[in-house]
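One structure is given here, and the rest of the page talks about it.
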Amino acid sequence: MKLIDVFRIITLIAMFQFLFFSVFLFTKSNKNLSNKVLAFFLLTKSICLFGIITPWFNKTIFTHFPYLFFISGLTDFLFGPLIYFYVKSYLNSSFRFKKVHLLHAIPFLLYFLYVYYYVFSKEMSVLQNLLLNNKVFPVVLENVTVLAIYIHVITYIVISLILFYKQNTKIVNYFSEPVHQKMNWMKIVLYGLLLISVSGFFSFVQFLIFDNYLTSLMMIREVMFFAFANIIVYKALCQPFLFNDFSDFITDKKYTLSVDKDLIEKVQSYMRTQKPYLEPDLTLDDLALGLGISAKKMSFIINQEFNMNFFNFINNYRIEEFKNNFVAAGDSKTTILETMYKVGFNSKSVFNSFFKKQTGMTPSEFKRLHQSTVVTVDNDD
């Protein structure tokens, strides 16, 4: 099998994966806005890939239906805004489209007018002749347009990454471990798309210089597209919660609250007696509800009075609970993993790094130290 055939098959599979997963998201019972935006993005991407690969299998199809080829290409200037709005709606479940957001469609509309002038305004026979001779667009203008498409998409991805990291700091203050998996998912999506877009940009630059589009960079780009499509499908099957919204706790508004000592003592007493941190999926809203106060006030107390974010606040109690349980057990049969889950952690890597940060030793070192202490006390008796 030739390299070009492998290239075509990979692209074809990726196209169908994007198409099927977009249908899955459109029909998903939890039809939140972020899923709809992602579904539309994947659908436009599959349409774009259709326009690219169809001539490879049937070279005459676009001479008979030339408009079909250019309709698929119109989606190029939609990718960037769709990525951006996916990130916004994913991080903020209350996000809704407004009229001002139509400004993001200006590049698409300008591109549509450009294609209309050179394509849709022409007679079918004239367009077919131009297509056969590859003279539909002026060469320089066509190359500038392709470069503009790549720059447009990359710019939107960078803006989306800035938005992601800005919101990531806020979200850590509100949620415990499970939400971090959702944030990691968003990071995978954005960096994956950035790598694909950057490799596509440089592969096109390489084409302009060497007049060879099927380069190693182009192959890498298509392989990354294929891998990206498979990761999305895998995540949807194994971790469907990644496609659910965050609770909308985050606000950009500044507020000041006064907290009396009785309330601080109430929080400390509640944490000691009720031990809400033993619940792995505990959120700021759950904790605030248990104390009968608002989530904003709960966040303010943790940040200002305890000088830490919600994530660290909860895990501090979990680490202390872990140490107390281990000491109370007093035998070597108690495993680290068993106790870790018992105190509310559900990620071994998070537990290990947090334990080392707080105690200065690993959980295994703590276990050995505790066991040696028990042996010494027993011998003294």
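The values are calculated or read from the model by the stated rules, or taken from the named source; none is laboratory data. This structure is a prediction, so every number in the text was calculated from the model and none was measured. Methodologically, a virtual Cβ is constructed for each residue, glycine included, from the backbone with ideal geometry; neighbour enumeration extends over all protein chains shown.
A few comments on the model shown:
- Complete set of residues in the range 260-290 that are part of a helix (DSSP H, G or I), among the hydrophobic types (A, V, I, L, M, F, W, C), in contact (Cβ under 8 Å) with a residue 40 or more places away in the chain and within 23 Å of Met340 (Cα to Cα): Met271, Leu278, Leu284
- The C-beta contact set for the range 325-338 (first residue among the aliphatic types (A, V, I, L, M), second residue at pLDDT 85 or above and in a helix (DSSP H, G or I), distance under 8 angstrom, 6+ apart or interchain) comprises Ala329/Thr339; Ile336/Pro363; Ile336/Ser364; Leu337/Lys348.
- The helices (runs of 4 or more DSSP H) found wholly in the range 1-81 and carrying at least 1 residues that are closer than 19 Å to Ile220 by Cα and modelled with pLDDT of 75 or more occupy 3-27, 33-57.
- Among the residues of the range 256-296, those identified as of a type in the set (Lys, Arg) and over 27 Å from Val350 (Cβ atoms) are Lys261, Lys266.
- For the range 229-268, filtering for residues that are modelled with pLDDT of 80 or more and within 20 Å of Leu19 (Cβ to Cβ) leaves 2.
- Residue match in the range 94-107 (condition: in a helix (DSSP H, G or I), buried (at least 16 other Cβ atoms within 10 Å of the Cβ) and modelled with pLDDT of 75 or more): yes
- Unmet requirement for Gly290, which otherwise passes all of (1) farther than 24 Å from Phe164 by Cα; (2) modelled with pLDDT under 85; (3) in contact with a helix residue (DSSP H, G or I) (Cβ under 8 Å, 6 or more places away or on another chain): (2)
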